[in-house]
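Student: First, the structure itself, so that you have it in front of you.
The values are calculated or read from the model by the stated rules, or taken from the named source; none is laboratory data. Note that the structure is a prediction, hence the values are computed from the model and not measured. So basically every Cβ, Gly included, is an ideal-geometry build from the backbone, and we count neighbours across all protein chains shown. Accessible surface areas use protein heavy atoms only, side chains included; no ligands, DNA or RNA. Shrake-Rupley method; radii C 1.70, N 1.55, O 1.52, S 1.80 Å.
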Amino acid sequence: MKPFGVLDDVRKVFERSELGRGAREPLVAIESISCTFGEGELVSLLGPSGCGKTTLLRIIAGLMPKSAGSVRIRGEEVVEPHADFGFVFQTPNLMPWRSVIDNVLFPLEIIGRLDAAGRKRAHDLLEIVGLGDFHASRPHQLSGGMQQRVSLCRALVHQPTLILMDEPFGALDELTRMEMNDLLLDIRVRTRATVVFVTHSIAEAVYLSDRVLVFSRRPGRIVEDITVDLPYPRSAATRYTARFSELDQRASRALGVIKDVPPPVAHGASDDGPHGGVHGALQGGTHGH
Amino acid sequence: MVECTVRFRVGPMATERSAMFDLSRVDWQRLALPPLGLIVVVALWHVACVGLDIQVSVLPRPSLVLEAAIKRWDLLLSEGWVTLKETIYGFLLALVLGIPLAVAVANSRVLNLTFYPLLIALQSVPKVALAPILLVWLGIGIESKLAIAWLVAFFPVVVDTAAGLQSTPRELLELARSLRASPWQIFWKVQFPAALPFIMTGSKVAVTLAVIGAVIGEFVGSSEGLGYLLLSATSQINTPLAFASLFALAILGIVSYLAVVLVERLLAPLLPPTTRH
């Protein structure tokens, strides 16, 4: 895999003026982060709230300036947003005055590529996410999960080579979230785009990723780089394999969620079976035993 | 006209697309009660005039007001037309000048700090106090009325539009920015549609204020318009005609308000739906 993105010693300090009133001193959000990711990889940034993972994503997107270091995507330093990136926000972030299809077409409109092929792609994407019949609906007529699917289509419609996702499924209920995870895996196979995925759900990170970068609490550093070697295609059954549990535990341990449980023995980990980690949040007390 | 009440709402007005011709779904109370209220008040008015033997010059019976209105309908119509023109021009001027100012104030901290305090200072000056000065500047023709109507309508347009532009969700602006949208695209495709419900709300307030502004102008000095007619009728102790002018003014206010509501409904496809109540 050739390197696609290279982050070198990225640092972010919010100055007092950026923090607003009441800030006594600058806030170090990201201490120093260096990592690389390959083309077509799905890399998760996993960490507790406020650890700087969203900040890092915004820096990669060019939406936020960094204080020091360098971010190179395909060898080019990122200093401002790139129309070749797709961004999925925490909220569906749809325009209430536009229909579903017009929301999906928005990026094409902005970058001036609104042609017949683009329209067809938008309709195809809605079809893939199961919203083919809803193209004329307004966002408020859809459920939260459906809205987030529209948002996903919007991020993909201009065929970005890099998709940046900021806790996109965090606000969804458990079942919808698992559906969306499968949908994302499916879309990845079709688009072959590189994805950087921010989440605070351990299970989601393990299930989706090729690699999980575990963040420390603020100021953010990468404390562990976990390669997820679960085979594709992944499905619900994957979540109950021994290997999944091992990786889940390893991530939990890196996060400091489980402390007093000895590291799993390779073959014994399967005893864990279906565990609370699927729920995702950092409530790992039930892991192990 | 189903809606008779003039309503001010804070926030975007919901669009009402009820099936008006489906009889089973007609809200009879909504249709019947507002006219009933009018009838009750008019009846009480009549009873009071007759029972307390009030002089016509003080409070004419409703029938006399109606009679005056019918007899001088041509006058009411022509003077009403003058006032309507002043109102509409003043209102449109408030939109044409107010929206760009709101855009400037909403997007530039420098312009905001420079002009917003002045705008608030201007708003706190009673417009009646400005009317004589504007009259000196612009004469007793339509220009001075238009200027006063504009002055009173200007503030809600600017304030609501600026609030709407500033309420654009930050994440939508980031989405546009992530696609390298130009400032022009950000304004037309994101900020303006987001602000549109607020602009409509401001417009509804502004248009009713514009009527008041036009009448203030006519009171201070003019030779035409419903305000002028009202003044000259009272000076001749023609109280029924004065009352008829008053009702004409009320109708004018309601009609101009409903005109804005109509525009709002035509724009409904562009407005975000809001849940009612």
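Student: Inside the range A:59-74, can you point out the residues that are touching a residue at least 40 places away in the same chain (Cβ under 8 Å) and of a type outside the set (Val, Ile, Thr)?
Tutor: Passing the criteria: A:Ala61, A:Met64, A:Lys66, A:Ser67, A:Ala68, A:Gly69, A:Ser70, A:Arg72, A:Arg74.
Student: Answer yes if at least one residue in the range A:49-64 is within 12 Å of chain B (Cβ to nearest Cβ), among the β-branched types (Val, Ile, Thr) and touching a helix residue (DSSP H, G or I) at 6+ places or on another chain (Cβ under 9 Å), and no otherwise.
Tutor: no
Student: Check the range B:165-177 and report whether any residue there is in contact with a strand residue (DSSP E or B) (Cβ under 9 Å, 6 or more places away or on another chain) and either away from chain A (no Cβ under 13 Å) or more than 28 Å from B:Gly253 (Cα to Cα) (or both).
Tutor: Here is the first cut: in the range B:165-177, the ones in contact with a strand residue (DSSP E or B) (Cβ under 9 Å, 6 or more places away or on another chain) are B:174-175.
Going one step further and asking which of them are either away from chain A (no Cβ under 13 Å) or more than 28 Å from B:Gly253 (Cα to Cα) (or both), we end up with B:174-175.
Checked the range B:165-177: at least one residue is in contact with a strand residue (DSSP E or B) (Cβ under 9 Å, 6 or more places away or on another chain) and either away from chain A (no Cβ under 13 Å) or more than 28 Å from B:Gly253 (Cα to Cα) (or both).
Student: Shifting gears a bit: Of the conditions (1) open to solvent by 30 Å² or more (accessible area, probe 1.4 Å); (2) outside any helix (DSSP H, G or I), B:Ser222 fails just one. Which one is it?
Tutor: (1)
Student: For the structure I just gave you, tell me whether B:Glu67 is in contact (Cβ under 8 Å) with a residue 12 or more places away in the chain and assigned by TED's automatic domain parsing to the domain that holds B:Ile186. Full working, then the answer.
Tutor: Working: in contact (Cβ under 8 Å) with a residue 12 or more places away in the chain: yes; assigned by TED's automatic domain parsing to the domain that holds B:Ile186: yes.
It is true that B:Glu67 is in contact (Cβ under 8 Å) with a residue 12 or more places away in the chain and assigned by TED's automatic domain parsing to the domain that holds B:Ile186.
Student: What helices (runs of 4 or more DSSP H), lying completely within the range B:78-184, carry at least 3 residues that are within 21 Å of B:Gly202 (Cβ to Cβ), modelled with pLDDT of 90 or more and open to solvent by less than 60 Å² (accessible area, probe 1.4 Å)? Even if it seems obvious, please write down each step before you answer.
Tutor: Values: elements: B:109-124, B:127-138, B:142-166, B:170-178.
So the answer is B:142-166.
Student: Which condition breaks for A:Ile110 when tested against (1) at the interface with chain B (Cβ under 10 Å from one of its Cβ atoms); (2) open to solvent by 20 Å² or more (accessible area, probe 1.4 Å)?
Tutor: Of the numbered conditions (1) at the interface with chain B (Cβ under 10 Å from one of its Cβ atoms); (2) open to solvent by 20 Å² or more (accessible area, probe 1.4 Å), the odd one out for A:Ile110 is (2).
Student: Sticking with this structure for a sec: State all residues of the range A:129-145 that are in a helix (DSSP H, G or I) and either of a type in the set (D, E, K, R) or in contact with a helix residue (DSSP H, G or I) (Cβ under 7 Å, 6 or more places away or on another chain) (or both); if no residue qualifies, say none.
Tutor: Applying the first criterion (in a helix (DSSP H, G or I)) to the range A:129-145 yields A:132-134, A:139-141, A:144-145.
Scanning the range A:129-145 gives A:Gly132, A:Asp133, A:Phe134, A:Pro139, A:Gly145.
Student: Which is more than 14 Å from chain B (Cβ to nearest Cβ) and within 24 Å of B:Ile186 (Cβ to Cβ), of A:Ala117, A:Ala122?
Tutor: A:Ala122
Student: Which ones in the range A:97-107 are open to solvent by 10 Å² or more (accessible area, probe 1.4 Å) and within 13 Å of chain B (Cβ to nearest Cβ)?
Tutor: Of all residues in the range A:97-107, those open to solvent by 10 Å² or more (accessible area, probe 1.4 Å) come to A:97-99, A:101-102.
If the condition is that a residue be open to solvent by 10 Å² or more (accessible area, probe 1.4 Å) and within 13 Å of chain B (Cβ to nearest Cβ), then A:Trp97, A:Arg98, A:Ser99, A:Asp102 are the ones that fit.
Student: B:Gly202 is checked against (1) surrounded by fewer than 24 Cβ atoms within 10 Å (Cβ to Cβ); (2) under 24 Å from B:Ala104 (Cβ atoms) and fails just one. What number does that condition carry?
Tutor: The single condition B:Gly202 does not satisfy is (1).
Student: Out of all the residues in the range A:165-172, is one or more buried (at least 19 other Cβ atoms within 10 Å of the Cβ), part of a strand (DSSP E or B) and either in contact (Cβ under 8 Å) with a residue 12 or more places away in the chain or of a type in the set (S, T, N, Q) (or both)?
Tutor: So far as the range A:165-172 goes, yes, one or more of its residues are buried (at least 19 other Cβ atoms within 10 Å of the Cβ), part of a strand (DSSP E or B) and either in contact (Cβ under 8 Å) with a residue 12 or more places away in the chain or of a type in the set (S, T, N, Q) (or both).
Student: A further question on this structure: Only strands (runs of 3 or more DSSP E) wholly contained in the range A:1-96 count here; list those with 2 or more residues that are in contact with a Ser or Thr (Cβ under 9 Å, 6 or more places away or on another chain), charged (D, E, K, R) and surrounded by 15 or more Cβ atoms within 10 Å (Cβ to Cβ).
Tutor: On the way: elements: A:3-14, A:27-38, A:42-46, A:68-73, A:85-88.
Result: A:3-14.
Student: Checking B:Ile186 against (1) in contact with a Ser or Thr (Cβ under 7 Å, 6 or more places away or on another chain); (2) without any contact (Cβ under 8 Å) to a residue 24 or more places away in the chain; (3) within 14 Å of chain A (Cβ to nearest Cβ), which single condition isn't satisfied?
Tutor: Every condition holds for B:Ile186 apart from (1).
Student: Please enumerate the residues belonging to the range A:98-157 that are under 24 Å from the mean Cα position of the chain (by Cα) and of a type in the set (Gly, Ala, Ser).
Tutor: A:Ala122, A:Gly130, A:Ser143, A:Gly144, A:Gly145, A:Ser151, A:Ala155, listed by residue number.
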